[in-house]
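**Q** To start, I am sharing the structure in question, which I have written as structure tokens.
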Amino acid sequence: MTLPATRRTVLLATGGAAAALTAACAKYGDNGSSSSDKSSNTAAGRELARTADIPVGGGKIFADEKVVVTQPTKDDFKAFSAICTHQGCTVSSVADGTIHCPCHGSEFRVADGSVARGPASSPLPAEKITVARGSISLA
């Protein structure tokens, strides 16, 4: 048997939803990102690696920063998100000119993050880095 909704029931139900919404809003700052999110901005300016640590034609994954840094050709450094665009797994290796995702086999080109092999259909988003005096840092 279903009872008709009373004013008190409706107010209690919507009050709970409002409290949940308020709690969710409090967690997020003005830019819409969670204050507990780890993002590239957290490590901005901090050295990720020395240029000598990144092999030509390959790269290195920085899991804590969720970034992969590559060197497609000598002295040309690129950075991309280390999160696969297929289903959000963290990429696991860089070899033979591609960045590899262990979950479903997607591969991305070290030169531009574009898809070399699916199932991913979108490229890895570029990240900003600075390269100076043999040091690579997030911008």
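The values are calculated or read from the model by the stated rules, or taken from the named source; none is laboratory data. Bear in mind that the values here come from a model prediction, so they are computed numbers and not experimental data. Because the Cβ atoms are built from the backbone with ideal geometry, glycine has one as well, and the counts that use them run over all protein chains shown. To get the accessible areas, we keep the full protein, side chains included, count just its heavy atoms, and leave off ligands, DNA and RNA. Shrake-Rupley method; radii C 1.70, N 1.55, O 1.52, S 1.80 Å.
**Q** Just the accessible area for Asp53, please: 1.4 Å probe, Å², rounded to the nearest 10?
**A** The accessible area of Asp53 comes to roughly 80 Å².
**Q** With every protein chain in place, what's the accessible area of Thr70 (1.4 Å probe, Å², nearest 10)?
**A** 0 Å²
**Q** Keeping all protein chains in position, work out how much accessible area Ser121 exposes to a 1.4 Å probe, and write it in Å² to the nearest 10.
**A** The accessible area of Ser121 comes to roughly 110 Å².
**Q** In addition: To the nearest 20 debye, what charge dipole does region 53-131 have about its Cα centre, counting +1 at the Cβ of each Lys and Arg and -1 at the Cβ of each Asp and Glu?
**A** Dipole of region 53-131, to the nearest 20 debye: 140 debye.
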